[in-house]
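Asker: Please find one structure pasted underneath; my questions will follow.
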Amino acid sequence: MNSPVYIGRNSTGDVSNSGQDLPGPPTFTYNSPAHPAPGGTLPFPRALKKEGAIEALLFLASLVAIVTVLFILAYLFLNAVPIFQEVGFFEFVTGLSWDPTGIPPSYGTFPLIVGTLLVTLLAMAITLPLSLGSAVFIAEIASPRTRSILKPAIELLAGIPSVVYGFFGLVILTEALQVSFDLDSGLTWLAGSILLAIMALPTITSVSEDAIKAVPREFREGSLALGATRWQTMSRVVIPAAFSGITAAIILGIGRAVGETMAVLMVCGNAPIIPVPIYNVFSPIRTLTATLGIETGEVASGSAHYHALFGVAFLLLIITLIVNMIATVVIGRIQSGPVRVIPRRTGGRIPLRNRIAPAMKAIFSKLRLPATVILGALVLLAIDLSAGHMAAATILAATVAFLLARRKVSSRITEKIAFSLMIGATLIVVLILGVILWNIVVNGLAAISWEFLTGSPRDLGRGGGIYPAIVGTLYLVAGAIAIALPIGIGAAIYLVEYTGGGRFVRIIRSGVDLLNGTPSIVFGLFGFAFFVLFLHFGVSLLAGQITLGLLILPTIIRTTEEALKCVPQGFREGSLALGASRWQTVSRVVIPPAMPGVLTGAILAIGRAAGETAAIMFTAVVFSTRFLPTSPFDPVMALPYHLFILATNVPNARTNQYGTALVLLVLVVGIYSIAIVLRNHYQKTVRW
Amino acid sequence: MEKSPSIITTKNLNLWYGEKQALADITMEVERNRVTALIGPSGCGKSTLIRVFNRMNDLIDTCRVEGSVLIDDQDIYHPAADVVSIRKKVGMVFQKPNPFPKSVYENVAYGPRIHGIRERGELDRIVEVSLRDAALWNEVKDRLHDPAGGLSGGQQQRLCIARCLAVEPEIILMDEPCSALDPIATAKIENLIDILKRSYTVVIVTHNMQQAARVSDFTGFMYLGKLIEFGETTRIFEKPKEELTANYVTGRFG
């Protein structure tokens, strides 16, 4: 492969490929014995051996990753099959009663599916006006200074662990709802939706802002030069151009809401019923994920109930798949973009997504009005229920008046109104997130002491410290990283740099994407069934480390792949054209500029692992142990789970709850801020 | 004929980007219904100057302007001046064609729509007239509702001109409109400029001296942020007064 002969031939080949029919002098100089290669003593054999070994290692990493991904999917599916055989798939999905421990047991997941959809839908209705409004504000209206503060702040908030949100929801939100609406209990659908809306805010805002910011400057200039106001430019050119990216952000938010376990489980009340009437937001509700979160720990291996839980996980996978497919089509539209796509390497065939895209576009444009009306109605309903009839009526009247008057109002006044709405949305977002942080930091600081950080828990965690939980979390994260990082990065390098991207690679990529969007509780179920029960690891550090590693593996593969793909092809060609081998090219030319991207992905994965509850609650953790683990097969304490149990099961432990929440928050947000600083630093310094 | 012959007048115009002065003491007049070309080596400030005329420089935070720029005797940098109506009156065609990611029709209808025209028939009429004036109608009349991104580079640039005409400006600024185009597309744009000057005032920035000589009535030569020489195109090219200008137009530097 690396003989100089090959290089010589290759360069002539390139010349004729580029279509120039130059007669040119023969370029076989190196071939001739009279002209030995310059520095002809290059250690080719040794380089070749090393090259082969590295390629084998990378291949091994990708093989492990692929087998794992396929194995998890197959394991979940095969364990779900018995329940479909027993009650029938149709009955499993449409049955109205979920009572797996009843006599006789019933396995109807319809209320759970409805619960998942209702919670997600209302959450989106609440979050969309706020997050899209603030995205537009940050991207287009805010001064560069304001933007440079708001943008990283909001990204940082995306890292707050869901159990911390759940804790806030439990102690503040549900109490507030109970008091203000005079309810028997604040654990309701509305509480879950509000909490999910808050959790989705940072993600949707941040990704939409990126999409708006990515709209080429020329579009703005073209519109402004025609005498359009800033608002006209935004609403008619910039936002439509960013439409695909914004849709992708919304889908991402939906995915997060559907897959969320801990926060929903803590505030929704979890009765497996369909609200009566269907819009009764004060009804308790139960989602698919919460069902797994509640029941996985106490199920007998191999029972019908056990398989029914796998059936629930299977449904979650299907939902993830649907969300992913919509996202792929939409993101396909981003990449094909406004510019004409010339199908080059497809041999004249138009790729499927280019055929789907126009159809989707037609559907979108037809659905825009009804979708707006439905969304508007939902928002109105949310306002009606949360702020009362008067507020809803006022807003409805204002909207109608605005729509009627729009044609008469000057574009200047429209701009003022629009800008104030955006600013209002941003203020609300900042206020909400500020209140949460303030509440946890102020109350948490009261609990922090030397004893709290270095002592063992006493009196069910009401007293003493959380040292074993801190250490346990660090062990878990370190193990997960040790497993996922080498495999994930190796697999990504192999997939991007050593394969041509054929059908096989596409299938693998779809599998990785599917797992990437899969709710963490599904990983928890898999880890529990496979490592804890089947392999007899028991509830142990090792089982938790592997489960967490599997959870972050898809993220690491994806972010590494993206970082590698961002390195321009010209770099590789330049290096290869100088006679560098593939690994030399990858290690010296491709990886260095991709490193910040890879690191950012890895650090975000660490943050996610540190805050993760659902994946470890059945695999690794116990609520209280006074000892640190001495072997990988010992169970451990962990911060997120400790907070979860303290908050839900231990009365009168408020101080230590806040203390644990603060420690967890600082840990995870600290990890995230390293990633953000790193990324911003390299974004400023790396240019090509 | 009460209007004065000059439509744009600048007096002692200075412009800074932060600390760096980009335009120094520029005083010039642009005549109505004529084509005025600005030439000069890269970085001499000609694009900056043309962006002064419709205040596109406002988009750059560090940009600071001193002196006066009068369009129809109104100071466009007066604090009370309305930037939106200035830009409506002074259209611009950019270096790189920048059609919006919309259909051909929607690109042209965009301007009239934002300025309050809603009747479909009226919009149809404006779109057709503008596309005809931009010499593009025959090429796109059967695909008005296809994405503008599917047109060739030259067609996209003429679409941008049509988009500009649809707003009925008085002045059209062109910032190196042919630099991204092939010779045939360039020839079409140059013919178009010749026709446009009957109804519009055109200010064009160009790198290409032959182009300036072919299309313009007046030429200004700029160097290092200063307007070195300004006059009728034939005179600038045949009998330049300044040595710098002479060197540049004869190709001895630049």
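Asker: Would a scan of segment B:79-89 turn up a residue that is in a strand (DSSP E or B), among the aliphatic types (A, V, I, L, M) and within 8 Å of chain A (Cβ to nearest Cβ)? Explain how you work it out, then say what you get.
Answerer: Narrowing segment B:79-89 to residues in a strand (DSSP E or B): none.
Within segment B:79-89, not a single residue is in a strand (DSSP E or B), among the aliphatic types (A, V, I, L, M) and within 8 Å of chain A (Cβ to nearest Cβ).
Asker: Whether any residue in segment A:217-226 is assigned to a helix (DSSP H, G or I), open to solvent by 10 Å² or more (accessible area, probe 1.4 Å), away from chain B (no Cβ under 14 Å) and among the acidic types (Asp, Glu) is what I want to check.
Answerer: no
Asker: Within segment A:513-528, can one find any residue that is over 22 Å from A:SER162 (Cβ atoms) and either more than 23 Å from the chain's Cα centre (by Cα) or buried (at least 24 other Cβ atoms within 10 Å of the Cβ) (or both)? Walk me through it before giving the result.
Answerer: Let us first name the residues in segment A:513-528 that are over 22 Å from A:SER162 (Cβ atoms), namely none.
No, segment A:513-528 contains no residue that is over 22 Å from A:SER162 (Cβ atoms) and either more than 23 Å from the chain's Cα centre (by Cα) or buried (at least 24 other Cβ atoms within 10 Å of the Cβ) (or both).
Asker: Residue check: is A:LEU130 surrounded by fewer than 23 Cβ atoms within 10 Å (Cβ to Cβ), without any contact (Cβ under 8 Å) to a residue 12 or more places away in the chain, out of contact with any strand residue (DSSP E or B) (no Cβ under 8 Å at 6 or more places or on another chain) and under 30 Å from A:ILE273 (Cβ atoms)?
Answerer: On the way: surrounded by fewer than 23 Cβ atoms within 10 Å (Cβ to Cβ): yes; without any contact (Cβ under 8 Å) to a residue 12 or more places away in the chain: no; out of contact with any strand residue (DSSP E or B) (no Cβ under 8 Å at 6 or more places or on another chain): yes; under 30 Å from A:ILE273 (Cβ atoms): yes.
In short, no.
Asker: Restricting attention to segment A:595-644, which residues are among the charged types (D, E, K, R) and surrounded by 21 or more Cβ atoms within 10 Å (Cβ to Cβ)?
Answerer: Scanning segment A:595-644 gives A:ARG608, A:GLU612.
Asker: Residues of segment B:112-127 being under 24 Å from B:ASN191 (Cα atoms) and either within 14 Å of chain A (Cβ to nearest Cβ) or surrounded by 16 or more Cβ atoms within 10 Å (Cβ to Cβ) (or both), which ones?
Answerer: Just the residues of segment B:112-127 that are under 24 Å from B:ASN191 (Cα atoms), to begin with: B:125-127.
Residues satisfying the conditions are B:ILE126, B:VAL127.
Asker: Related question: Check A:GLY102, A:GLY115 and return the single one that is over 30 Å from A:GLU415 (Cβ atoms), open to solvent by less than 40 Å² (accessible area, probe 1.4 Å) and not in a helix (DSSP H, G or I). Lay out the reasoning, then the answer.
Answerer: On the way: A:GLY115 fails: not in a helix (DSSP H, G or I).
Every option except A:GLY102 fails the conditions.
Asker: If you go through segment B:137-180, how many residues are more than 14 Å from every other protein chain (Cβ to nearest Cβ), over 15 Å from B:GLU106 (Cα atoms) and buried (at least 20 other Cβ atoms within 10 Å of the Cβ)?
Answerer: 2
Asker: While we're looking at this one, here's another question. Take A:ALA139 and decide whether it is crowded, with 23+ Cβ neighbours inside 10 Å and more than 20 Å from the chain's Cα centre (by Cα).
Answerer: Yes.
Asker: Can you go through A:THR233, A:THR291, A:THR320, A:THR247 and tell me which one is within 14 Å of chain B (Cβ to nearest Cβ), of a type in the set (S, T, N, Q) and in a helix (DSSP H, G or I)?
Answerer: Values: A:THR291 fails: within 14 Å of chain B (Cβ to nearest Cβ); A:THR320 fails: within 14 Å of chain B (Cβ to nearest Cβ); A:THR247 fails: within 14 Å of chain B (Cβ to nearest Cβ).
After ruling out the rest, the residue left standing is A:THR233.
Asker: Hey, another quick one. So which helices (runs of 4 or more DSSP H) are wholly in segment B:171-254 and hold at least 1 residues that are of a type in the set (Val, Ile, Thr) and closer than 27 Å to B:ALA135 by Cβ?
Answerer: B:183-196, B:209-215, B:233-238
Asker: Looking only at segment B:204-211, decide whether some residue is more than 20 Å from A:ALA225 (Cα to Cα), more than 11 Å from every other protein chain (Cβ to nearest Cβ) and buried (at least 18 other Cβ atoms within 10 Å of the Cβ). First the steps, then the outcome.
Answerer: Applying the first criterion (more than 20 Å from A:ALA225 (Cα to Cα)) to segment B:204-211 yields B:207-211.
Imposing the further condition that a residue be more than 11 Å from every other protein chain (Cβ to nearest Cβ) reduces the set to B:207-211.
Restricting the remaining residues to those that are buried (at least 18 other Cβ atoms within 10 Å of the Cβ) gives B:209, B:211.
The answer is yes; a qualifying residue exists.
Asker: While we're here: Within segment A:152-173, track down each residue that is of a type in the set (Val, Ile, Thr) and not in a helix (DSSP H, G or I). Steps first, answer last, please.
Answerer: Taking segment A:152-173 first, the residues of a type in the set (Val, Ile, Thr) are A:154, A:160, A:163-164, A:171-172.
Result: A:ILE160, single match.
Asker: Does A:THR233 qualify as being more than 30 Å from B:PHE100 (Cα to Cα), open to solvent by less than 30 Å² (accessible area, probe 1.4 Å) and in contact with a Leu (Cβ under 8 Å, 6 or more places away or on another chain)?
Answerer: The answer is no for A:THR233.
Asker: Would you say A:ILE487 is closer than 15 Å to A:THR560 by Cβ and surrounded by 21 or more Cβ atoms within 10 Å (Cβ to Cβ)? Steps first, please.
Answerer: On the way: closer than 15 Å to A:THR560 by Cβ: yes; surrounded by 21 or more Cβ atoms within 10 Å (Cβ to Cβ): yes.
For A:ILE487, the condition - closer than 15 Å to A:THR560 by Cβ and surrounded by 21 or more Cβ atoms within 10 Å (Cβ to Cβ) - is met.
Asker: Continuing with the same structure: Suppose we filter A:VAL276, A:VAL312, A:VAL281, A:VAL341 for residues that are surrounded by fewer than 16 Cβ atoms within 10 Å (Cβ to Cβ) and either at pLDDT 85 or above or not in a helix (DSSP H, G or I) (or both); which single one remains?
Answerer: A:VAL276
Asker: Considering only segment A:40-55, I want to know if a residue exists there that is farther than 30 Å from A:LEU317 by Cα, modelled with pLDDT of 85 or more and within 34 Å of the chain's Cα centre (by Cα).
Answerer: yes
Asker: Which pairs do you get when a residue that is at positive phi, found in segment A:644-656, comes within reach of a residue that is of a type in the set (Ser, Thr, Tyr), reach meaning Cβ atoms under 7 angstrom, with the pair 6+ apart or on two chains?
Answerer: Qualifying pairs under 7 Å: none.
Asker: Sticking with this one: Residues in segment B:90-105 that are surrounded by fewer than 21 Cβ atoms within 10 Å (Cβ to Cβ) and either acidic (Asp, Glu) or more than 12 Å from every other protein chain (Cβ to nearest Cβ) (or both): how many?
Answerer: Number of matching residues: 1.
Asker: Residue check: is A:ALA371 modelled with pLDDT under 70, over 20 Å from A:TRP231 (Cα atoms) and open to solvent by 40 Å² or more (accessible area, probe 1.4 Å)?
Answerer: no
Asker: Report yes if some residue within segment A:634-642 is assigned to a helix (DSSP H, G or I), charged (D, E, K, R) and more than 30 Å from A:GLU562 (Cβ to Cβ); otherwise report no.
Answerer: no
Here is a yes/no grid of residues against (1) at pLDDT below 90; (2) open to solvent by less than 20 Å² (accessible area, probe 1.4 Å):
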position	(1), (2)
A:LEU150	no, no
A:GLY159	yes, yes
A:VAL164	no, yes
A:ILE172	no, no
A:GLN178	no, no
A:LEU190	no, yes
A:ILE194	no, no
A:ILE198	no, yes
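Asker: In segment A:69-99, which residues are under 30 Å from A:GLU561 (Cβ atoms) and open to solvent by less than 30 Å² (accessible area, probe 1.4 Å)?
Answerer: Residues of segment A:69-99 that are under 30 Å from A:GLU561 (Cβ atoms), as a first pass: A:69-80.
Selection gives A:VAL69, A:ILE72, A:LEU76, A:ASN79, A:ALA80.
Asker: Where in segment A:505-588 are there helices (runs of 4 or more DSSP H), lying fully within it, with 2 or more residues that are touching a residue at least 60 places away in the same chain (Cβ under 8 Å) and β-branched (Val, Ile, Thr)? Even if it seems obvious, please write down each step before you answer.
Answerer: On the way: elements: A:520-527, A:541-565, A:569-577, A:582-585.
Result: A:520-527, A:541-565.
Asker: Could you say whether any residue in segment A:121-130 is more than 18 Å from A:THR289 (Cβ to Cβ) and within 14 Å of another protein chain (Cβ to nearest Cβ)?
Answerer: no
The values are calculated or read from the model by the stated rules, or taken from the named source; none is laboratory data. Predicted model only: the values in this text are computed from it and were never measured. When we count neighbours, we look across all protein chains shown, and the Cβ atoms used for this are built from the backbone with ideal geometry, even at glycine. All accessible areas refer to the heavy atoms of the entire protein, side chains included, with ligands and DNA or RNA removed. Shrake-Rupley method; radii C 1.70, N 1.55, O 1.52, S 1.80 Å.
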